[in-house]
Amino acid sequence: AFDVALKKSGKTVHVAEGQTIVDALAGVGIKIKVSCEQGVCGTCLCNVLEGTPDHRDVFLTDEEKADNDQILLCCSRSLSDTLVLDL
Ligand code: FES
């Protein structure tokens, strides 16, 4: 489990094991646009401001994943305790 801190809205949301970031955000009324929900289409792409994503998608290239500045919110998680998102 980890937290996502939302820079623009000033909210911090806890993401439990077995819950996606999209689900956790929906729980506080933040709706993320999704399509495939499997890390394939790129619809749920979001910029990462701080922290290290645990990339579980097949959309970003290995190079983009290594940059750690973007995340697919439908499937990827976090390696750091807190991930700061541009939301
Ligand atoms: Fe398709 Fe997240 S909804 S990659």
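Let me spell it out: the conditions are (1) more than 15 Å from the ligand (Cβ to nearest atom); (2) over 10 Å from the mean Cα position of the chain (by Cα); (3) not hydrophobic (A, V, I, L, M, F, W, C), and Ser78 meets all of them except one. Which number is the exception?
Unmet for Ser78, out of (1) more than 15 Å from the ligand (Cβ to nearest atom); (2) over 10 Å from the mean Cα position of the chain (by Cα); (3) not hydrophobic (A, V, I, L, M, F, W, C): (2).
All but one of (1) under 14 Å from Leu85 (Cα atoms); (2) near the ligand (Cβ under 10 Å from one of its atoms) hold for Leu6; state the number of the condition that does not hold.
Exception for Leu6: condition (2).
Say we look at the stretch 56-75 and pick out the residues that are closer than 18 Å to Ser35 by Cα and more than 9 Å from the ligand (Cβ to nearest atom); which of these is nearest to the chain's Cα centre (by Cα)?
Ile71
Looking at Val84, Val48, which is the one that is within 16 Å of the ligand (Cβ to nearest atom) and at pLDDT 95 or above?
The conditions single out Val48.
Testing Gly39 on (1) surrounded by fewer than 14 Cβ atoms within 10 Å (Cβ to Cβ); (2) touching a residue at least 12 places away in the same chain (Cβ under 8 Å), one condition comes back false. Which one is that?
(1)
Which ones in the stretch 27-36 are within 18 Å of Lys7 (Cα to Cα) and exposed (fewer than 15 other Cβ atoms within 10 Å of the Cβ)?
Gly27, Val28, Gly29, Lys31
Find the residue count for the stretch 26-36, including only residues that are within 13 Å of the ligand (Cβ to nearest atom) and touching a residue at least 12 places away in the same chain (Cβ under 8 Å).
3
Go through the stretch 53-78 and report how many residues are free of Cβ contacts under 8 Å to residues at least 60 places away in the same chain, of a type in the set (Ser, Thr, Tyr) and surrounded by 13 or more Cβ atoms within 10 Å (Cβ to Cβ).
Within the stretch 53-78, residues that are free of Cβ contacts under 8 Å to residues at least 60 places away in the same chain, of a type in the set (Ser, Thr, Tyr) and surrounded by 13 or more Cβ atoms within 10 Å (Cβ to Cβ) number 1.
The values are calculated or read from the model by the stated rules, or taken from the named source; none is laboratory data. Predicted model only: the values in this text are computed from it and were never measured. Glycine gets a Cβ as well: all are built from the backbone with ideal geometry, and neighbour counts include every protein chain shown.
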